[in-house]
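Below: one structure, written as structure tokens.
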Amino acid sequence: MNPDLVPRPDMLGLPGPAWLFQALMALTLALHWLLLGGAVGGTVVVLVEAVRAHRRGTPSPLVRGLAPFLPFFLSLAMTLGIAPLLFVQVLYGHLFYTANILLGWWWLGLLALVTVNFYLFWWAWRRTWRGQRVGWLLPLVALAAFVACVAILSSNATLTQSPEAWPAYHAEGFNRLYHGSATFAPRVLLALSVFVGAGGLIAAGLHRSGLLYGGGGDDEPDPAVGVTVAIPALLVAAAAGAWLFLSTTEAQRRALDASSAGLFFLYTGAAAFLATLGLAVVARRGPSLVPVVCAGITATAMLLCVAALRDTARLAALAGIYDPAEAPVHPEWLNFGVFALFLLVGAGVIARVLRLARRERAAA
């Protein structure tokens, strides 16, 4: 393609080596996905339980217990999502911003969709606090908004690494989703299924650790519900991952075969997925917290591998057009120190909040 069509990268270069930004991007993106799984997967668990409660004609203790956590997970996911977004801007800013402009109102619509879901989650929490039912419509609308968000983000990621598609995309009229790549549909399906799988495990972990505000006795939620949602979602994720791999270009697959790091993340991610699925099956058979916690650890490892592979595929797609490793580097280590400090402090604050919630639940 004509290289003049691609904007030039920042003339000031990178404030650190590219590999460091790529590693931090993968780490923060995996944590963002994990928290987003709590919101998206938690919404699915609430939807499933709301439908079951409607059929039984009785309120669901799991919906009442999980509702306060949904705005918590969404707020943390969006806050932590800023970090990988900034790393993407540093590494691929000239491509990323072009994709944003081409998507136009669709990209800006992400803010509206997330805002809607914040209000829906707070409304659900308020209804459960008053002893009212949430119903199935509220989580269904929230889930539809999440599906739209995933489609927009997948469209942006695909367009960012496909500058050869920009002229035709613009000529046909922008301000629309880009789905011209064969990887678009499997990207969306993989993201949603992984979020639901992670969210199901998180819901099970919250209940088994005593963090859900059940009523006690017969009113306690079924500890297997979250895992029951997670297992089929993980199976769908396996199929979507295979579909995505087969949808990549031959050049991307060759680049993966030639990359020792790429092969390491591929095989490690596959092993982590199999471990997560196996532990979820074990957790389905009993009320113990241990297999759920272990499944959460392996799921986090799987997300780290997926995040790393995602950047490997992007670099292969941009081969001959742009490589951040070739950009000049002017280190700014003070900024990295500030980032690391706030990341550790934030993790400590989250851990403290969860400990306080568990203590309050035990005293109730």
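Tabulated results
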item	result
The chain shape via C-alpha gyration tensor axes, a/c threshold 1.5	prolate
Cβ-placed point charges (K, R +1; D, E -1), dipole of the stretch 39-142 about Cα centre in debye, nearest 20	620 debye
Axial C-alpha extent at least 15 Å, average Kyte-Doolittle at least 1.0 - helices from the chain (DSSP)	18-56, 69-80, 82-103, 137-160, 184-208, 225-247, 260-284, 290-317, 333-363
For the chain, calculated [θ]222 nm from helices alone, where every DSSP H run of n ≥ 4 adds -39500 (n - 2.57)	-26000 deg cm²/dmol
Selected from Gly135, Gly16, Gly199 as most flexible by GNM, with the chain as the system and alpha-carbon contacts under 10 Å	Gly16
Fully extended contour minus Cα-Cα distance, from Ala261 to Val290, at 0.36 nm per residue	7.3 nm
Among Thr79, Thr28, Thr98: highest mean-square fluctuation, GNM of the chain, C-alpha pairs under 10 Å	Thr79
For the chain, the longest site-free run once trypsin sites (Lys or Arg not before Pro) in DSSP loop states with at most 15 other Cβ atoms within 10 Å are removed	1-129
Mean Cα-pair separation over length for the chain, i.e. relative contact order, pairs under 8 Å, 6 or more apart, %	25 percent
Whole-Å distance, taken between Cα centres, linking the stretch 98-153 and the stretch 31-78	13 Å
Max mean-square fluctuation residue, GNM over the chain, Cα-Cα springs under 10 Å, options Ala142, Ala191, Ala182	Ala182
Cα lying deepest toward the dipole's positive end in the chain, options Tyr178, Pro331, Pro291, charges on Cβ	Pro291
Sparse-neighbourhood loop sites, GluC sites (Glu not before Pro) in the stretch 275-364 - DSSP loop, at most 14 other Cβ within 10 angstrom	Glu332
For Val329, distant residues with modelled amide H under 5 Å away	Leu14
Test item: Cα-centred dipole of the chain, Lys/Arg +1 and Asp/Glu -1 on Cβ, debye	1440 debye
Relative contact order (%) - criterion: Cα under 8 Å, at least six apart; region: the stretch 259-351	28 percent
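Since every read-out is calculated from the coordinates, none of them should be taken as a lab result. Everything quoted here is computed from the prediction, not taken from an experiment. We place every Cβ from the backbone using ideal geometry, glycine too, and count neighbours over all the protein chains shown.
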